[in-house]
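The values are calculated or read from the model by the stated rules, or taken from the named source; none is laboratory data. Not measured: the values here are computed from a predicted model. FYI the Cβ positions are ideal-geometry reconstructions off the backbone, even for glycines, and counts take in every protein chain you see.
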């Protein structure tokens, strides 16, 4: 019997059925694609599946999944500026600001003055935020162990490749941010 997982309001979850399909098999002609698009599809799907898996484990230890990954980044990098969080995670600065606002509002983090300049700030976790991270860490380890059992090679052999891929995607996004954007009205008129 297949047990349905929690219903998500996140737009990128279409159905839990996706996680139940057989693994990708490049030998199957109907699934054979181009390596360039297959790589991106695998990265995207892996991220979604990791989120589902970690969220499932967090629920078992009664830790809210909302912004848990972001708290993990703050834990790794604190004290950290919003700009450094944006650069490391690849999230747009506006998204980082929203996440920071939400963490501060719920008491998981606080802003402290940046000693390097008087205008910006560093983000640090509060005791409540640290407690959330510590309570959730066993769930992350449990999710990792569930994945590790199914790996053909040791996990550390995959890490450098994943870091290289994440950096390549981050740099690709940075290229689009560096290009000047045309106003929407101008872009529409040039496509007619």
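Some values worked out for this structure:
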item: Residues satisfying the stated conditions in the range 163-191, i.e. touching a helix residue (DSSP H, G or I) at 6+ places or on another chain (Cβ under 9 Å) and modelled with pLDDT of 85 or more; result: 165, 166, 169
item: Residue in the range 112-135 that is within 21 Å of residue 163 (Cβ to Cβ) and surrounded by 14 or more Cβ atoms within 10 Å (Cβ to Cβ) present; result: no
item: Out of 104, 100, sole residue that is surrounded by 15 or more Cβ atoms within 10 Å (Cβ to Cβ), over 27 Å from residue 158 (Cα atoms), at pLDDT 95 or above and more than 19 Å from the chain's Cα centre (by Cα); result: 104
item: Members of the range 87-112 found to be under 17 Å from residue 134 (Cβ atoms), in contact with a helix residue (DSSP H, G or I) (Cβ under 6 Å, 6 or more places away or on another chain) and outside any loop (DSSP other than H, G, I, E, B), listed by number; result: 109
item: Residue match in the range 152-160 (condition: touching a strand residue (DSSP E or B) at 6+ places or on another chain (Cβ under 9 Å), without any contact (Cβ under 8 Å) to a residue 24 or more places away in the chain and exposed (fewer than 12 other Cβ atoms within 10 Å of the Cβ)); result: no
item: Number of the exception - residue 136 against (1) free of Cβ contacts under 8 Å to residues at least 40 places away in the same chain; (2) within 17 Å of the chain's Cα centre (by Cα); result: (1)
item: Members of the range 65-86 that are without any contact (Cβ under 8 Å) to a residue 60 or more places away in the chain, more than 12 Å from residue 121 (Cβ to Cβ) and part of a helix (DSSP H, G or I); result: 69, 70, 73, 74, 75, 76, 77, 86
